[in-house]
Each structure stands twice: as structure tokens, then as C-alpha cells.
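Q: Following this message is one structure expressed as C-alpha cells.
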Amino acid sequence: MTRTMWDSSVGKKTVMAVSGLIMLAYLVVHMLGNLKIFFGSDDFNHYAHWLRTLGEPFLHYEWALWIIRVVLVAAVVAHAVSAYQLSRRDLRARPTKYVHKKPRTSYATRTMRWGGVILGLFIVWHILDLTTGTVHPDGFQSGHPYQNVIDTFSTWYGSVVYIVAMLALGLHIRHGFWSAAQTLGVGSRTRDRAFKTIANALALVLTVGFIAVPVGVMTGVVS
């Protein structure tokens, strides 16, 4: 992408759309992996171990996982920086309040900004909780992801933080997926309803899929 393209609003929106779709693809895979917890500790721990051996023997232990992490970090940073710069540009373009009342937008649209902040803070918390174990409640056990998840969601605050973040994620996806389609030029009047339906379905499936894990632990289905 040229400097001129990056400096334009269209360029920044394109970066947001592409980085958002990269993160969305990861979230779908991550949710499916998380649901393995309902099949027991052996399946879930085996899945966690497989992630670290992915690509062997061509790649060394955890190399594939680190490649995925680097790509995700790049996508998150690009997404956040683009969103911030677009927001600042929007504020500079509207130095005074509207004289007429703006048309009411959807709840998801009006909460995209603070939803992004919530998700950014959650990513930091999630890493410190289940990756490094820095804020883990009952002693982080390296190599025992199943037990670590159980410990986290056995606390009320661990479950609340996760559920609130996943609700914010659902709203973010609901609006973001449709916006990405418009930005990348694949949306149209005839396809508009279809993309909105897909966005709603993705948001619902991912939200329910992710929230199912803490709910499963809290209700004793997963123990």
C-alpha cells in the first residue's frame, strides 16, 4: 500500500476491513477449538498441544503458533491505529455540533468505539490470564490448559470479564463485517440484506460459542 493510499480515508478503511477479516477468521477457528473443552480434558489438552506442534517437522516447536501470534498482533495494531486515525479525522471534520438531530443509528454502530476499547483491554487480560498466567487466580499450571480454564471461570470476575468482552465482540462483528463488505466493494443493494444476515449470524454464533465455555464451567457441565 502506497503512502498516499494509507493517508486517505479509503486506505485506512481498507486496512480496517482486511485486518478485521483476518481476526474474524482466527476467531472462528479459536471458538471451534475452545468448544473441545466439552469433550473432556484429554481432548482439550491434546488440542492445545497440537497447536504448539503445528507444522512439525518442517517448523520447530511453537514456530507456527508464534507466526499466528505475530500476524494477529499486526492485524490488531493496524486495525486499532486505523480506527483511531479515522476517528480523529472525523472529529476534526466536525468541529461543531450538528444543528439538526442526527438520524438514530444502530446500537452496534454507536458502540463500535468503546467496544473496541473493551476488546483491546480484554486481549491484554486474556493473555495475562491464560497464556502467561500472570493474573491467574489459583496458580497457573503450564501445560494444563484445561485446568487453567476451569480455574479462571470458577471465579465470578473471570466469567464476568469474559462474558462482557464476548458481548462486545458480537456487537463489533455485527457491524464490522457488513462495513468491511462495503469497504472492499463486494456489497451492493441486492446483496446488502444477505451480508447483514451473515453478519448477524456470525455475531450470534461466535458470541454463543465463546460464552458457552464459562457458562459450562459455572453450571458444572465442564468440571
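Q: Consider the range 195-223. How many of its residues are exposed (fewer than 12 other Cβ atoms within 10 Å of the Cβ) and touching a Gly at 6+ places or on another chain (Cβ under 6 Å)?
A: 0
Q: Now a separate question. Is there a residue in the range 183-192 that is assigned to a helix (DSSP H, G or I) and not β-branched (Val, Ile, Thr)?
A: Scanning the range 183-192 turns up at least one residue that is assigned to a helix (DSSP H, G or I) and not β-branched (Val, Ile, Thr).
Q: Of everything in the range 109-144 that's in a helix (DSSP H, G or I) and β-branched (Val, Ile, Thr), which residue is farthest from His30 (Cα to Cα)?
A: Taking the candidates together, the pick is Thr109.
Q: Could I ask something else about it? Is it fair to say Pro214 is in a loop (DSSP other than H, G, I, E, B) and touching a helix residue (DSSP H, G or I) at 6+ places or on another chain (Cβ under 8 Å)?
A: no
Q: If you don't mind, there's one more thing I want to ask. Report yes if some residue within the range 121-132 is polar (S, T, N, Q) and modelled with pLDDT of 80 or more; otherwise report no.
A: yes
Q: Give the number of residues within the range 54-106 that are part of a loop (DSSP other than H, G, I, E, B), at pLDDT 70 or above and surrounded by 10 or more Cβ atoms within 10 Å (Cβ to Cβ).
A: 7
Q: Would the range 185-194 turn up any residue that is over 22 Å from the mean Cα position of the chain (by Cα), farther than 22 Å from Ile22 by Cα and buried (at least 17 other Cβ atoms within 10 Å of the Cβ)?
A: No, the range 185-194 has no match at all.
Q: Tell me, yes or no, whether the range 157-178 has at least one residue that is of a type in the set (Gly, Ala, Ser) and either without any contact (Cβ under 8 Å) to a residue 24 or more places away in the chain or not in a helix (DSSP H, G or I) (or both).
A: Pass one, the range 157-178, residues of a type in the set (Gly, Ala, Ser): 158-159, 165, 168, 170, 176.
Subsequent filtering for residues that are either without any contact (Cβ under 8 Å) to a residue 24 or more places away in the chain or not in a helix (DSSP H, G or I) (or both) retains none.
Taking every residue of the range 157-178 in turn, none turns out to be of a type in the set (Gly, Ala, Ser) and either without any contact (Cβ under 8 Å) to a residue 24 or more places away in the chain or not in a helix (DSSP H, G or I) (or both).
Q: Test Glu62 against the stated conditions and say whether it is on the phi < 0 side of the Ramachandran plot and among the charged types (D, E, K, R).
A: no
Q: Would you point out the residue of the range 139-172, among those that are surrounded by fewer than 16 Cβ atoms within 10 Å (Cβ to Cβ) and small (Gly, Ala, Ser), that is modelled with the highest pLDDT?
A: If we take residues in the range 139-172 being surrounded by fewer than 16 Cβ atoms within 10 Å (Cβ to Cβ) and small (Gly, Ala, Ser), then Ser154 is modelled with the highest pLDDT.
The values are calculated or read from the model by the stated rules, or taken from the named source; none is laboratory data. Quick caveat, the model's predicted, so the values are computed rather than measured. For neighbour counting, all protein chains shown are included, and Cβ atoms are generated from backbone atoms with ideal geometry for every residue, glycine included.
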